[in-house]
Each structure stands twice: as C-alpha cells, then as structure tokens.
Amino acid sequence: MNSTRGAPTGALRQEFVELTEDVSGSPLWNPDLAPTSLASRTWSTYHIAALWIGMSVVITTYTLASGLMQQGMNWWQALATILLGNAIVLIPMILNAHAGTKYGVSFPVLCRAAFGVKGANVPAVLRAIVACGWFGIQTWIGALALEALLIAAWPAWANVAGSIWISFAVFWLGQVAIVVRGLEGIKLLEAWSAPLLIGGGLLLLWWAIANGGGLAHILSESPKLQRGSTPFWTLFPAALTANVGYWATLSLNIPDFTRYAKSQRSQALGQALGLPATMTAFAFLGVAVTSATIVIFGEAVWDPVVLIARIGSPVVVICGALVILAAQITTNMAANVVSPANDFSSLAPKRISYVTGGLITAALGIVMMPWKLYADASAYIFTWLIGYSSLMGAIGGVLIADYWILRKQELSLPDLFALRGRYTYSNGVNPKAMIALALAILPVVPGFVRAATTPGGVVPDPNFFDTIYTYAWFVTFGLSAGIYLLLMPRAGGASASRRS
C-alpha cells in the first residue's frame, strides 16, 4: 500500500507518497533503488541550488562560449544562447524531478512506468553510456589541472615520462575513492564546495578586470576571440540545441537527486536559482577573463588551467589548480556517477549495487577515450553535445508524456518493483514506448552521421536531414511524446496489465 505516514495535511499527502509494502524480495529491488522514506527527504532549496552550482562551475562551462565564438558569434550572442538553452532545459528538468520528489524514486525506477519493468533498462543504459563519456571528459580535464599543479610544485615533474597519464590515473583513483563513500558524501561535497567555487571564479574575474584595464576595456577586445564567420542565425539552431543538450542528461535523471528533496518547492526553486544563472555567469566569466588575456599576454588563453600556470607564483598556481580540481570532482560525482551507478544497478539489482555501478562507470569512462572526445571544441559541441541530445530528448518525451499527460502524476509504487503488475506490459517491455523511442531518433541519424564524419562537426552544405539534426533534441522530444500518446490509449494506458 502507498501511504503518507507523517503527513498531517491534505496538501502534504498529495506531495509525498511513501512505500510501506515490503517489496524487498523482488528481483527488481535493492536498497539503492528502493524509494526514499519520508525521513530521508532532507535536501533543502539550498542543497538543490548548491548541487547545480557545483555541477555548473566547471571548465566545460568556462569554455562553453569559446566553441560558439570560434564559429562566429560575438560574446553577448554566445551568452544569450547559453542562457536560453538552460532556461529551456530547466522545464523538462523540473517536470521529471516531480516524480522523484513525490514518490522517492530514481530515474531507472521511474522509467519502468513507461517502458516496462524490464524495458526500462534500455533508456537507463543509453543514459548511462552518455554519463560514462562525460565522466571520462571531466576526469581528463581534472588530470590536466593536476598536471599543472604538480609541475608548479615540482618543476621536474614535467620531465617525467608519461606524467599526464600518471596524473590521469591519480585523479581517476581519487574519484573512485569518493564513489565508494556513497550519495550522502556527494551531498556534503556539493554544499561545502559551492561557496569555494563561486569565490574562486570571482577572484579570477577580479584579476582580469584589475590587470586588463576594466571590464568595458576587456570586453572591447572580445571580437578578437571570434575565429569563424558563420552568420548568427545560421549557427543559432545548432548552438541552442547543443546548450540544451549540455544538461539533457540531467533533465532525465534529476529524480536521482530530487527523491531526497524536502518539497516540490525546494526542488523547483533550487533548480531555477542554481542552473540558468550559474551557467550563464560562469560562461561570461570565461569570455571576460579570456578577453583580458589578450590585453595582458597578447594572445587569447581559453584554457583556465593554462591561464593559471601563466599568472604567476607557484602558490597562485597551486591554489587555482585546487579550485579547478574541486570543480571537476563535484561535477563528476553528481552529474556523471549518481545516474549511471543507479542505471547499471537496475540491470541486475541483486548483483550490482550503487557502488559497483559507480565503479563500472569509472572503468567505461576510460574505455571511451575522453582525450579524443574533448580534443576539438567545435566537434565537441556539434557532434558530442547535439548527438547525444537526440537520445536524451527521445527518452524525455516519453517520460513526460507518460507521467504528466497519460498518468496525471499517479503511479503505483509497489508495481514499479513487481514482475507481474501494472507495468509488466509484454514480458516486462512496453513495445509502444520502444517504437516511439526508435521512430523519434530515426530522422536525426543521417544528420548525425554527416556531422560525425565532417571535421569540426559543421557540415558546409547542409541538406534537409542536416537541418533536422541541428534541432535534434527538440525534434526527438516532440516526436517521441506525440507518437507515444498516439500509441497509448488514454483510458487504459495508465492501468494497462494491472497487477495480478
């Protein structure tokens, strides 16, 4: 039975649902996938906002505007695109977060309602693979920062054969140690590090303004950062899609965090305060500081790791590198470990725990060769970000259509862990959700193939399919939601294959 133990008011009864039936004997259950109890839902607005600050203040955000400016955007066009993209992705973020807060369920468990108790493994694995790629990218960037720190503290380190790979291994192992500590350690890490990351960013901006002749002067140098000449409105659709795609992964697995939220208000307000403003502000910091490097050094230095190494004394380098290391770790632990750890655990709940899933993520992050994924800024945006956004959009369309339109926010918690129940469909798989997923992705495949085989990811003479690909997330989200609702009957869809 679903209950609201400890809920004194009708409003709270609608906001929280707690599982009181014992389903621990189900092969679909383990302690990490179990719905959170009311007592464990302790994350406040600050914790949710701090989570987003910790994930947003990272080198990939700092350099996000650079890829757009290299194609031809000016600084304010790049920032406006980033702000709009994050405002758009905030909508599915809050919508998917609702189920986590109300029912205490994680992303792979929520997927069972739409895709079936076994079919849910398909979207879970797709999401997990993307997270593994991101884990590797952030680990590689963290290794570069660690390399700079070690060279500053011990110059002879630069002469050590394979030093970057040693740094990569050390940084990777440090994160694995945190993975073993579990999710509560991530909550404390994010809450502690958010003020540190904001402070470090503001110090870097102060240095740029003080040494670059003022904010207005350094921004006047920003046109020198533009390397391409693509017209804004030609570039805008793909750039917007890429910025939506940046957090398209988190827009799916946000229940992994909001299952611990105190209230719907906490999760919605915390995300609204922590995501769009932080992403845009930190991207602006990257533009401003890089513009200042033109004045100070006579050349643009986009990479903050390289910049810190050029600023001055070993003390400055070490302190700066430590802030960057903190930024990489907080982002990786929250954005790129929690979800795939749960996703891999859902494949075999009785054999794969959250920690084991996290270790699988860390291992696959190496296999995906992140040094190649991050090697080209343009390809990174126009192939990696847009490409995987098509997968995330298709999954998100099904989930939101199912939960908000078909089921009207009503789920059966016991049946999410039942092999024979409401979400069994056909042998545990909802074929209609799978059809919607596949058909939604199909139109963007030709454009992805062309982008992936074009240096820099920008196709010079785009055809119809290339144009569709530039809107990948929007196309697949809309198609999957529409096809799913057409295939699923409104009256019977929410209660199909009722528990026997």
Kindly evaluate SER229 against the criterion of being surrounded by fewer than 14 Cβ atoms within 10 Å (Cβ to Cβ) and either among the hydroxyl-bearing types (Ser, Thr, Tyr) or in contact with a Phe, Trp or Tyr (Cβ under 8 Å, 6 or more places away or on another chain) (or both).
yes
Any chance the range 145-161 includes a residue that's closer than 29 Å to LEU252 by Cβ and either in a helix (DSSP H, G or I) or modelled with pLDDT under 90 (or both)?
yes
All but one of (1) under 21 Å from the mean Cα position of the chain (by Cα); (2) modelled with pLDDT of 90 or more hold for GLU190, so report the exception by its number.
(2)
For the range 249-266, the count of residues that are part of a helix (DSSP H, G or I), farther than 24 Å from ALA394 by Cβ and of a type in the set (S, T, N, Q) equals 2
Name the residues in the range 32-60 that are buried (at least 24 other Cβ atoms within 10 Å of the Cβ) and among the hydroxyl-bearing types (Ser, Thr, Tyr), would you?
SER56
Selection count where residues are among the small types (Gly, Ala, Ser), assigned to a helix (DSSP H, G or I) and more than 27 Å from ILE53 (Cβ to Cβ), scope the range 217-248:
2
Any residue that is of a type outside the set (Gly, Ala, Ser) and in contact with a Lys or Arg (Cβ under 6 Å, 6 or more places away or on another chain) - is there at least one of those in the range 216-231?
no
Give the residues of the range 261-273 that are in contact with a Ser or Thr (Cβ under 8 Å, 6 or more places away or on another chain) and either surrounded by 24 or more Cβ atoms within 10 Å (Cβ to Cβ) or at positive phi (or both), sorted by residue number.
ALA261, GLN267, GLY270
Within the range 446-465, residues in a helix (DSSP H, G or I), touching a Ser or Thr at 6+ places or on another chain (Cβ under 7 Å) and closer than 16 Å to GLN71 by Cα come out as ALA451, GLY456, GLY457
Answer yes or no as to whether VAL109 is surrounded by 24 or more Cβ atoms within 10 Å (Cβ to Cβ), at pLDDT 95 or above, under 23 Å from the mean Cα position of the chain (by Cα) and not in a helix (DSSP H, G or I).
no
Could you go through the range 423-445 and let me know if any residue there is part of a helix (DSSP H, G or I) and charged (D, E, K, R).
yes
Restricting the range 115-129 to residues that are of a type in the set (A, V, I, L, M, F, W, C) and surrounded by 24 or more Cβ atoms within 10 Å (Cβ to Cβ), which is nearest to GLY365 (Cα to Cα)?
ALA128
Being in contact with a Gly (Cβ under 7 Å, 6 or more places away or on another chain) and among the hydrophobic types (A, V, I, L, M, F, W, C): is that true of VAL244 here?
yes
Quick one: in the range 456-469, which of the residues that are β-branched (Val, Ile, Thr) and either at pLDDT below 90 or in contact with a His (Cβ under 9 Å, 6 or more places away or on another chain) (or both) is farthest from VAL89 (Cα to Cα)?
VAL459
I'd like the full set of residues that are surrounded by fewer than 16 Cβ atoms within 10 Å (Cβ to Cβ) and assigned to a helix (DSSP H, G or I), limited to the range 296-309.
PHE297, VAL306
Just a yes or no: is a residue in the range 330-348 more than 17 Å from PHE107 (Cβ to Cβ), acidic (Asp, Glu) and touching a residue at least 40 places away in the same chain (Cβ under 8 Å)?
no
Number of positions in the range 238-266 that are touching a strand residue (DSSP E or B) at 6+ places or on another chain (Cβ under 7 Å) and either of a type in the set (Lys, Arg) or free of Cβ contacts under 8 Å to residues at least 60 places away in the same chain (or both):
1
Within the range 329-347, does at least one residue satisfy the condition of being over 30 Å from GLN70 (Cα atoms) and surrounded by fewer than 22 Cβ atoms within 10 Å (Cβ to Cβ)?
yes
In this structure, does LEU189 turn out to be in a helix (DSSP H, G or I) and free of Cβ contacts under 8 Å to residues at least 24 places away in the same chain?
no
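The values are calculated or read from the model by the stated rules, or taken from the named source; none is laboratory data. Fair warning: this is a prediction, and the values are worked out from it, not measured in the lab. Don't worry about glycine lacking a Cβ; one is built from the backbone with ideal geometry, like all the others, and counts go over all protein chains shown.
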